[in-house]
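Notes follow once the structure below has been shown.
Nothing in this text is a laboratory measurement; each read-out follows from the coordinates by a stated rule. If you're wondering where the values come from, they're calculated on a predicted model, not measured in any experiment. Cβ placement follows ideal geometry from the backbone for every residue including glycine, while neighbour counts extend to all protein chains displayed.
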Amino acid sequence: MYDVPCKGVKFEVENGEPRIVRFKSPLSTGIAAVDDARAYLYESKGADEGVVFVHGMGRRSLYWLHYYPRMFSMLGFTAIMPVLPFHYDRVSLEREYYDRFIGGPTEVMEEKFHHAVADVRACVEFLERSGCRRIHVMGISSGGMVAVIAMASDRRIDKGVLAITGGNLELLSWHSIATRIYRIGKSRRAHHDRSLAIRTQFDECAESFVSLEDLHGVPSFFRYDPSLFAKLIAPGKVIMFSALLDLWIPRKSSDDLCRRLGGPKRFMLPSGHLGAHLLFRRRMLRRSVSFFEADKERHFR
């Protein structure tokens, strides 16, 4: 699970600005619109390091997020940004629950995260074939959740930047404005008691979880929670950015992920969820590049 082989994936690169990399997703749903994957490629001449940028949820445009891979390429990294499955035009309008990333029964949500991680790992494969000796990942919002699982399942990823994201999905479902619709009409006391029971069970699972092989004995709802995978990432390999006024990724959720990652360096931004990018994208980019390059000479020696 999550270790879908990518060695057999064939890539086709189309010219343009940026160039587009097309490939069949290594994890098939049988839906052509979903399985026909593409990624935007920003190359940097002579670069021996690469970055996979993982976007967050959306159905309209990725335009504003091209800033990150474009700037990474200008600063000496070859950057690639996949369009994740169940986002934008990679959806099915005929198959229930497949018209968006968030939504559907637990087994469907698990499949969506599994598919997204497989596509990120395919992009890692592409960068490796392109000659990148070190490969990093940066994920923003729900893309940060996908990035955590990708790092835990693919040792080729060296460092990760997790921006305005979190873990412990039960905490997120209880506190996020994005999930309030699921709480409408439910007894607050009953929902609260159920939530506490799930969190207790999750803590027990996270404590005993030590490898991807253990996923087979973990309840489905936990198998796509980034907080479960956090302990599989080596200390010092991650930095985080969190928004102090974030209503989408509540503080308790980002705190949980940070704690389970071992307390990585974390930058608190005085903004809301969207404001983090609008107001602090340059700061996040600058600190991300510094982090990726921190031990470059020692690594290549």
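Apart from one condition, G275 fits all of (1) surrounded by fewer than 18 Cβ atoms within 10 Å (Cβ to Cβ); (2) among the small types (G, A, S); (3) farther than 17 Å from M57 by Cα; the exception is (3). Restricting attention to the stretch 222-244 and to residues that are more than 14 Å from the chain's Cα centre (by Cα) and of a type in the set (G, A, S), the residue that is surrounded by the fewest Cβ atoms within 10 Å (Cβ to Cβ) turns out to be A234. With respect to the conditions (1) under 25 Å from M1 (Cβ atoms); (2) over 18 Å from the mean Cα position of the chain (by Cα); (3) in contact (Cβ under 8 Å) with a residue 24 or more places away in the chain, E213 falls short on a single one, namely (3).
This table checks each residue for (1) surrounded by fewer than 16 Cβ atoms within 10 Å (Cβ to Cβ); (2) within 30 Å of D214 (Cα to Cα); (3) not charged (D, E, K, R).
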{"residue": "G8", "(1), (2), (3)": "yes, yes, yes"}
{"residue": "A39", "(1), (2), (3)": "no, no, yes"}
{"residue": "Y42", "(1), (2), (3)": "no, no, yes"}
{"residue": "Y68", "(1), (2), (3)": "no, no, yes"}
{"residue": "M74", "(1), (2), (3)": "yes, no, yes"}
{"residue": "P82", "(1), (2), (3)": "no, yes, yes"}
{"residue": "Y98", "(1), (2), (3)": "no, yes, yes"}
{"residue": "G104", "(1), (2), (3)": "no, yes, yes"}
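Considering the stretch 104-181, the qualifying helices (runs of 4 or more DSSP H), each wholly inside and each with 2 or more residues that are of a type in the set (D, E, K, R), run over 106-129. Against the definition (in contact (Cβ under 8 Å) with a residue 40 or more places away in the chain and of a type in the set (D, E)), how does E94 come out, yes or no? When the stated conditions are applied, E94 does not pass them. With the condition kept exactly as written, say whether any residue in the stretch 126-147 is more than 22 Å from R100 (Cβ to Cβ), without any contact (Cβ under 8 Å) to a residue 12 or more places away in the chain and not polar (S, T, N, Q). Checking the stretch 126-147: not a single residue is more than 22 Å from R100 (Cβ to Cβ), without any contact (Cβ under 8 Å) to a residue 12 or more places away in the chain and not polar (S, T, N, Q). Contact map, the stretch 245-267: residues that are surrounded by 14 or more Cβ atoms within 10 Å (Cβ to Cβ) paired with residues that are hydroxyl-bearing (S, T, Y) and assigned to a helix (DSSP H, G or I), Cβ distance under 7 Å, separation 6+ or inter-chain. Pairs shown: D256/S227; L257/S227; R260/S227. Of all residues in the stretch 113-152, those being of a type in the set (G, A, S), buried (at least 21 other Cβ atoms within 10 Å of the Cβ) and over 19 Å from F86 (Cα atoms) number 1.
Taken over the stretch 121-148, the criterion of being closer than 22 Å to D256 by Cα and out of contact with any Pro (no Cβ under 6 Å at 6 or more places or on another chain) is satisfied by V137, M138, G139, I140, S141, S142, G143, G144, V146, A147.
Residues in the stretch 20-52 that are basic (K, R) and over 22 Å from the mean Cα position of the chain (by Cα): K45 alone.
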